[in-house]
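Taking it in order: structure first as C-alpha cells, then the write-up.
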Amino acid sequence: MDMKRAIQEYTRRGWKIFPVEENSKLPAKRQNGVRLSYQDATSDLNALETYFERYPNTNVGLNLIDSGLVCIDVDDYKENCKFQEFMIGKEMPPTLIQKSTSGGTHYLFTTDQINQFPGEMCDQVDIKHRGYILIEPSKINGVPYQWQTDDEPAPLPSWVPKKSQKLPEVINLFQNQKTGIHVDLARGTVNPQDLINNIKAGHNWHNNIVTLIGYYVSQGWTANQVHDVTDSLTLPGWSVDQTR
C-alpha cells in the first residue's frame, strides 16, 4: 500500500496517526527539534497528506488508545514464545492482522479507552494500548510492515487479560503510608555508556534506566539534561511522556 492510499484508509477508519523518523521507531521531530509524542497523532487528512508528501519515506505511527484499539504483539518467531500454548481452548476471531519487520504478528482489536492491560500476556506476547505501533507502509532496514488481512478490527476477545481498575486506590494507599523506594545512585561505580548500550538493546530496561538516571543525579545533572538522554531511550510502542 503506498503512503497516500494508506493515509486515506487510516483516516477513513478514524485512526489517529503521526510521523515517525525514517528507518526508526522514534517519533519524528518538529522544526524546533522537539520530538513528537504519540499524543500528537491526528486524523486530519489534509495535514497528514501535506506532511507525508514532503517527507515520503517517513514511517507511520498509530496511536492505539485514541484510535480505540489494542494490539496483541506476538513475537512468534522466537522459540520461547508461549502464544500457541496460551491460545489452547480459545478462539481467535477474524480481525485485522499485521506482520512486523522482525517477523512478529500484530492482532488489532477495538476496545474502550478506559480499559487497562498488563504489559505482558505471556512469554514474548505484549499487550499494547497506551502507546503506539508502526504500521504499513513503514519500513525498518528496508523491510516493510505488511497487513495480512483487510478485516475490520474485531471487538476485544474476553480472553485478553485486563488490569484491575483499583489501581488509583492502591496508589492512594501507598501515598498515605508514605511508602518509598530506594534507588542506588551508583556514584561512579558504573559506566553510563554500558548502561545506554544495554538499554538500547532492550536488556533489563527498567533497572538499567533507573540506575543511569541515578548516576546522572549523583553527578548533579538537571532534569532537562537527563531528559535529553533518556527521551531517546524510549522503548518502541511507548511514548516519551511515559519514559519521563
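The values are calculated or read from the model by the stated rules, or taken from the named source; none is laboratory data. On a predicted model such as this, the values are computed, not experimentally measured, just so you know. All Cβ positions, even for glycine, are placed from backbone atoms using ideal geometry, and neighbour counts span all protein chains on display. Heavy atoms of the whole protein, side chains included, go into the accessibility calculation; ligands, DNA and RNA do not. Shrake-Rupley method; radii C 1.70, N 1.55, O 1.52, S 1.80 Å.
Entry remark, the range 12-35: residues being within 24 Å of K128 (Cβ to Cβ) and either surrounded by 19 or more Cβ atoms within 10 Å (Cβ to Cβ) or of a type in the set (D, E, K, R) (or both) number 14 in total.
Search the range 68-119 for residues being small (G, A, S) and under 17 Å from P161 (Cβ atoms), and hand back the single one that is nearest to the chain's Cα centre (by Cα).
G119
Contact annotation: residue pairs with Cβ atoms under 7 Å, 6 or more positions apart or on different chains, pairing a residue in the range 153-164 that is surrounded by 15 or more Cβ atoms within 10 Å (Cβ to Cβ) with a partner that is in a loop (DSSP other than H, G, I, E, B), are P153/T95; A154/P93; A154/P94; A154/T95; L156/T111; K162/N115; K162/Q116; K162/F117. Count of the range 77-101 residues, restricted to those that are in contact (Cβ under 8 Å) with a residue 40 or more places away in the chain, among the charged types (D, E, K, R) and not in a loop (DSSP other than H, G, I, E, B), is 1.
For the range 21-36, the criterion of being small (G, A, S) and touching a residue at least 24 places away in the same chain (Cβ under 8 Å) is met by at least one residue.
Could you give every pair whose Cβ atoms fall below 8 Å, whose first residue belongs to the range 199-225 and is closer than 30 Å to Q124 by Cα, and whose second residue is among the acidic types (D, E) and assigned to a loop (DSSP other than H, G, I, E, B), counting only separations of at least 6 or pairs across chains? Listed by first residue and then by second, the contacts come to T211/D184; G214/D184.
I'm checking my understanding of the structure. Among residues of the range 36-76 that are of a type in the set (S, T, Y), in a loop (DSSP other than H, G, I, E, B) and at pLDDT 95 or above, which one is least open to solvent (accessible area, probe 1.4 Å)? Once the filter is applied, the top-ranked residue is T58.
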